[in-house]
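Notes follow the structure.
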């Protein structure tokens, strides 16, 4: 037995007993837990090592190191504990806990997700500190200190943090206000999902974890100027969009300002508009002279896409939805039936050159035909090496959908600049479109790059609340451009954008990671076209996570190839096209 000191919660005890077990004597821990008067146990996993986890009561913590244990090595009693048979398990981010434990032990994992315990179905997960206070366990004066225990980029992650996560989970789960909620809660249960799907979801979670661990602990801001008022509040004018101090509404980070004397001042954001971010501090800052540095410590808020993915995974593991109900999920990852297979292998009709493709080469015309065909595979994968006219091909397909087939199409990419470049070519071709841009990216930062397409922009902060007014704003446009982050923005669905222009045809540029989108859009989506160059621009996050796969690596999908150099042709680029591709 050993002890862990706890000072993160302002409650007793300050010293926690920890019993360490390996896979050989894990059954002893299971027996002790089974005889405990506690009926809900807190669960936490190591963020570094698979098979290393902790289970806690309100008074004791059982640390289990089973990273080398084969599936049959643990005692039956312990597997009953993991399956919440008799007693219950509860943890923050229970989906991730369940998937990782199931991947390691290949046994049923079942438990309650504390992150969403007190929320409505429409709300996303919240940080542990908010759940702690909502449960009535205690009041917190330093929420960051608690939430930091769960941050995956926390370089101090180790034995103590793992134990504290499990113990805090147990304390929250056994609060008087939590007990009735947990009794009636829909549990996360790996038995509700097929093994093949669990394996795929586990890989997705593992890749997300790798990306999260690679995030910097401290991000340094670049600023032009600052202004300190009499109340001790500060306005910082950021100089670079990429390193700007963002408004953090979930308090998962804090601001650290260093003055010329080397003194550090902790604070938080009060809001952001354009290039200016407002800051307030725990203690007033003396006006002693220039500020030397401004840094953000911790994590940024989750993006809408990340929140949407987490919410979908929770619904899947709670048995509320079946991901196989989405045809494009099956087409890409789980070809289930002969019908699915035949659908992907269907031959495409011969595409005749039209006025919308007359300016293209034969390679581009064939790709446009595959993208816009009313027959053939609903999934089109286009390889576009440098200089082969990938953007022109996307624009010609959009023009064909818009002017000939009279069908709506959404074009999305990872970056605002990529989407803007496509928009400018659509303008040249006289295609009616709208580009949805975030107010954060646009105001004061990038207004100048949109001058040519100003009349085609819809800012997220200017989306009309009234459905009729929104319809008038979009007008006759059936081509909509946005980034992936905006496509996942709940405001678009809430305000009826997808009703006015359904996502029927979807073009995904730059091999964006959009796994969750295929389920959310399952009722309207008919065709998906991926366009990119994985050799030149690999999937976002590939550097941090080498195992990250793109759609270009899915062997069962047929690929279209742009093989004719048409931009800035020179001997070296022709040689590269032949050699690399």
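The values are calculated or read from the model by the stated rules, or taken from the named source; none is laboratory data. The structure presented is a predicted model; accordingly, all values stated were derived computationally and were not measured. Positions of Cβ are backbone-derived with ideal geometry, glycine not excepted, and every protein chain shown enters the neighbour counts.
Looking at segment 277-358, the helices (runs of 4 or more DSSP H) lying wholly inside it that each contain 3 or more residues that are exposed (fewer than 14 other Cβ atoms within 10 Å of the Cβ) sit at 338-345. Would you mind stating whether residue 151 is crowded, with 18+ Cβ neighbours inside 10 Å, out of contact with any helix residue (DSSP H, G or I) (no Cβ under 7 Å at 6 or more places or on another chain) and free of Cβ contacts under 8 Å to residues at least 60 places away in the same chain? When the stated conditions are applied, residue 151 does not pass them.
Being in contact with a strand residue (DSSP E or B) (Cβ under 6 Å, 6 or more places away or on another chain) and under 21 Å from residue 303 (Cα atoms) narrows it down to one of 119, 114, 162, 149, so name that one.
114
Screening 77, 89, 82 for residues that are without any contact (Cβ under 8 Å) to a residue 40 or more places away in the chain and in contact with a helix residue (DSSP H, G or I) (Cβ under 9 Å, 6 or more places away or on another chain) leaves exactly one candidate, 82. The residue pairs whose first member lies in segment 489-500 and is in the same structural domain as residue 436 (by TED's automatic domain parsing) and closer than 14 Å to residue 410 by Cα, whose second member is modelled with pLDDT under 95 and not in a helix (DSSP H, G or I), and whose beta carbons are closer than 9 Å, counting only pairs six or more residues apart or on different chains, are 492/463; 497/463; 498/521. Picking from residues in segment 219-242 that are farther than 23 Å from residue 289 by Cβ and surrounded by fewer than 16 Cβ atoms within 10 Å (Cβ to Cβ), the one that is farthest from the chain's Cα centre (by Cα) is 240. When the residues of segment 413-466 are narrowed to those that are touching a helix residue (DSSP H, G or I) at 6+ places or on another chain (Cβ under 7 Å) and assigned to a loop (DSSP other than H, G, I, E, B), which ends up nearest to residue 391 (Cα to Cα)? Filtering first and then ranking leaves 429.
Count of segment 154-177 residues, restricted to those that are touching a helix residue (DSSP H, G or I) at 6+ places or on another chain (Cβ under 8 Å) and under 25 Å from residue 102 (Cβ atoms), is 8.
Among 111, 51, which is the only one that is modelled with pLDDT of 95 or more and in contact with a helix residue (DSSP H, G or I) (Cβ under 7 Å, 6 or more places away or on another chain)? Among 111, 51, only 111 is modelled with pLDDT of 95 or more and in contact with a helix residue (DSSP H, G or I) (Cβ under 7 Å, 6 or more places away or on another chain).
Residues that are closer than 25 Å to residue 201 by Cβ and modelled with pLDDT under 90 were ranked within segment 496-517; the one that is surrounded by the fewest Cβ atoms within 10 Å (Cβ to Cβ) is 515.
Note on segment 358-378: residues that are farther than 15 Å from residue 392 by Cβ and out of contact with any helix residue (DSSP H, G or I) (no Cβ under 7 Å at 6 or more places or on another chain) amount to 4.
Just to check your reading of the model, which residue among 208, 248 is assigned by TED's automatic domain parsing to the domain that holds residue 95 and surrounded by 13 or more Cβ atoms within 10 Å (Cβ to Cβ)? Testing whether each residue is assigned by TED's automatic domain parsing to the domain that holds residue 95 and surrounded by 13 or more Cβ atoms within 10 Å (Cβ to Cβ) leaves just 208.
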